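A.B. asks: Structure below; questions to follow.
Nothing in this text is a laboratory measurement; each read-out follows from the coordinates by a stated rule. Just so it is clear, the structure is predicted and the values come from calculations on it, not from any experiment. Note: ideal-geometry Cβ built from the backbone for every residue, glycine included; neighbour counts use all protein chains shown.
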C-alpha cells in the first residue's frame, strides 16, 4: 500500500513538473513571438522613416532645381563674382543652417510645426464644422507647404539667391499658388474664402485667445460673440489689414482698438484688456510688448530721418 501511495505521489509530482514545464515553454514562446512582433514593428517604422528621408531628399533636390531654373532666367553681369567671405574665428550656425544639415532637427521642427498648425486652425475647423478627412488633408497640405519653404530656403541659400531677388519671390509665389489650390480642393470655394479671411486675422485671434484665457482666470470670461467682435476690432485697427493684408500686432492702432473694445467688453473685462499682458502668438508678447517695440521702431525711424537731414544740411 505504501508503494502504491509513493507511486501516486511520484506520478502527481511528474504531472505537476510537466505542467510547469509546458507553461514555461509556452510563456517563453509567447514572449519570443512578442519580441519578434516588436522587431518587425520597429523594422517597419525604420523603413517608413527611411522612405520619408528619401522623399525629403528628393524634395530638396527639386527645390535646388527650381532655384537654379529661376536664377538662370536672370542675366548675371560678365565678370561678376560674389565678394569674398570675411574670415571669422568662430562660425555661428543659425536655425536655417541646422535645419538644412541635421535630419533630426528637421524632424523635430516639422513635428512642432504640425502642432502649431493644429493649434492655430482648430477654431476654424470647429467653426466651419470640417470633417476629420478634411482636417487631415488640410493639415497635410499645410505641413507640406512648411517643408517646401524650408527646402526652398536651404536651396536658395546654397545657390546664393537672396529674398530680394525677383527669382526668389517668383518661386515662392508659385509654391503659394499651388498650396492655395490644394486647400481650395479640400475646403470648397465658400469655406476656402472663409479660410483666407481667417488667415488674415490669425495673429490677432491668437492674442485675443490669450486675453480671453486671462479673463476666465479672473472670473470675467468672454462670450463667443465678444471674442469674435474683439478680433474684428483689433484687425480693423491695423493698417495692413485695411490694405487687404494679414493683420500684424506691431502696427495696431491701440487708441482706435480701445475705443471699440470698450463697447464690446464689460468695464471689468476692459480693465483686464488694458492692464494685463498674456502670452501672444508663438510665445511673443501681446499688447504692451508690441506697443513698446512699435515705439522703438518709430524712434529709430525718426533718428534715421534726422541723421539724413543733418547730412544733407552739412553738404
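A.B. asks: Between residue 157 and residue 262, what FRET efficiency follows from the Cβ-Cβ distance if R0 is 51 Å, with the result rounded to 0.05?
C.D. replies: That pair, residue 157 with residue 262, gives E of 0.60.
A.B. asks: State the extension gain, in nm to one decimal, for the chain segment bounded by residue 189 and residue 104, taking 0.36 nm per residue of separation less the distance between their alpha-carbons.
C.D. replies: 26.8 nm
A.B. asks: For residue 253 and residue 149, FRET efficiency with R0 = 45 Å and r from the beta-carbon atoms, rounded to 0.05?
C.D. replies: 0.90
A.B. asks: Highest mean first, what order results for 148-157, 266-275 on Cβ atoms within 10 Å?
C.D. replies: Going from most to least packed, we get 148-157, 266-275.
A.B. asks: If you don't mind, there's one more thing I want to ask. On full extension of the chain, what length is gained from residue 303 through residue 174, given 0.36 nm per residue of separation minus the C-alpha to C-alpha distance?
C.D. replies: Full extension of this stretch gives 42.6 nm more.
A.B. asks: How many nm is it between the label spots at residue 197 and residue 126, if each spot is 7 Å from the Cα in line with the beta carbon?
C.D. replies: For the pair residue 197/residue 126, the computed spacing is 1.9 nm.
A.B. asks: Here's something else I'd like to know. If you take the square roots of the eigenvalues of the alpha-carbon gyration tensor of region 205-306 and sort them as a ≥ b ≥ c, do you get rounded (a/c under 1.5), prolate (a/b over b/c) or oblate?
C.D. replies: Since a/c reaches 1.5 and a/b is larger than b/c, the shape of region 205-306 is classed as prolate.
A.B. asks: A further question follows. Averaging sequence separations of C-alpha pairs under 8 Å and six or more residues apart, then dividing by the length of region 205-306, give the relative contact order as a whole percent.
C.D. replies: 29 percent
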